[in-house]
1. Once phi is turned into θ = phi - 60°, what whole-Hz ³J(HN,Hα) does the Karplus curve with 6.51, -1.76 and 1.60 give for every residue of region 23-38, x standing for Gly and Pro?
2. What value, in deg cm²/dmol to 500, does the helix sum -39500 (n - 2.57) over DSSP H runs of n ≥ 4 give at 222 nm once divided by the residues of the chain?
3. With unit charges on the beta carbon (Lys/Arg positive, Asp/Glu negative), name the residue among 185, 111, 164 whose Cα is farthest towards the positive pole of the charge dipole of region 8-193.
4. Beyond 21 Å, how much of the Cα-Cα pair distribution for region 85-194 remains, as a whole percent?
5. So how do 88-97, 57-66, 5-14 stack up, highest first, on mean other-Cβ count within 10 Å?
6. How many nm separate the modelled label positions at residue 5 and residue 186, each set 7 Å beyond the Cα in the direction of the Cβ?
7. Per residue of region 41-51, in order, report the coupling 6.51 cos²θ - 1.76 cosθ + 1.60 (Karplus, θ = phi - 60°) as ³J(HN,Hα) in whole Hz, putting x for Gly and Pro.
Amino acid sequence: MRKDIFNLPNCLTMARIGAAPIIVLLLYFEMWFGFRFGSYFAFGVFFIASVTDYFDGKIAREQNIITNLGKFLDPLADKLLIGSVLIMLVRLGPGWGVPAWMVIIIIGRELAVTGMRAVAAEMGEVVAADKFGKAKTLLQSLATGFLIFHYPLLGWDPRPLGHGLLWVALILTIFSGGNYLYNFYKKWLKTEEN
C-alpha cells in the first residue's frame, strides 16, 4: 500500500463513499419495515459523512498531502453520497417531497462535470472543485440532511426548510455546472489554438 494514496484525507474520503450504501440500507429499513428510526440513523451516518468532507480537505491542506487521487475522489464521494440519497428519497415516495425531475437534473449535471473532468485528465489537467461547486455541495448536503430527518421534532417540521434549500441547491447546481463547462471550454479552445 502506498502511503501517499492511503493517507488520512483519502481514507476519510473513502469512508464517505462507504457511507452511501449504509444510508440507503437504513432508509430501505424504514420503507420495508416502517422502522421510523431508520431515517434518524441514516441522518446520523449522513451527518458524520458530511463532516468528513470538511476535515479531509482541511487536513490535506494543513499537512500538505494533497494528491491527484484525493482531488478525484473528493468530488466523486460527494456525488455518490448525495446522489444515492436523493434517488432513495424519490423512491420513498411523495410523502418525502423530492421530485424525480429535480434529482435527474442534479445527477445529470454531476455526470456532465465528471465527463468533463475525465477529458481534462486526458489533457493532463486535474479540475478541482471551485467555490461555486463547494457551495453547491454544502447546500445539497444541508437540503438532503433536513429531508432525511423528515419527522417533526418538538413541533418543528424540517421538510419545508429542506425543500427550500433543495431549490436553491438546484439553481446553484445548474450555475456551477455551467461555470465548470464554460471554463473548461475556454481552456480547451486555447489548447487547440496552441
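No value in this document is a laboratory result; all are computed from the given coordinates. None of these values were measured; they are calculated from a predicted model. Note: ideal-geometry Cβ built from the backbone for every residue, glycine included; neighbour counts use all protein chains shown.
1. Calculated HN-Hα couplings, in order: 5, 4, 4, 4, 5, 5, 4, 5, 5, 6, 10, x, 7, 4, 6, x Hz.
2. -28000 deg cm²/dmol
3. Going by the Cα projections, it comes out as 164.
4. 43 percent
5. Numbers: 88-97: 15.9, 57-66: 13.5, 5-14: 17.7.
In decreasing order of mean packing, 88-97, 57-66, 5-14 become 5-14, 88-97, 57-66.
6. That separation, rounded to one decimal, is 3.6 nm.
7. Here the 3J(HN,Hα) series is 5, 4, 4, x, 5, 4, 4, 4, 4, 5, 5 Hz.
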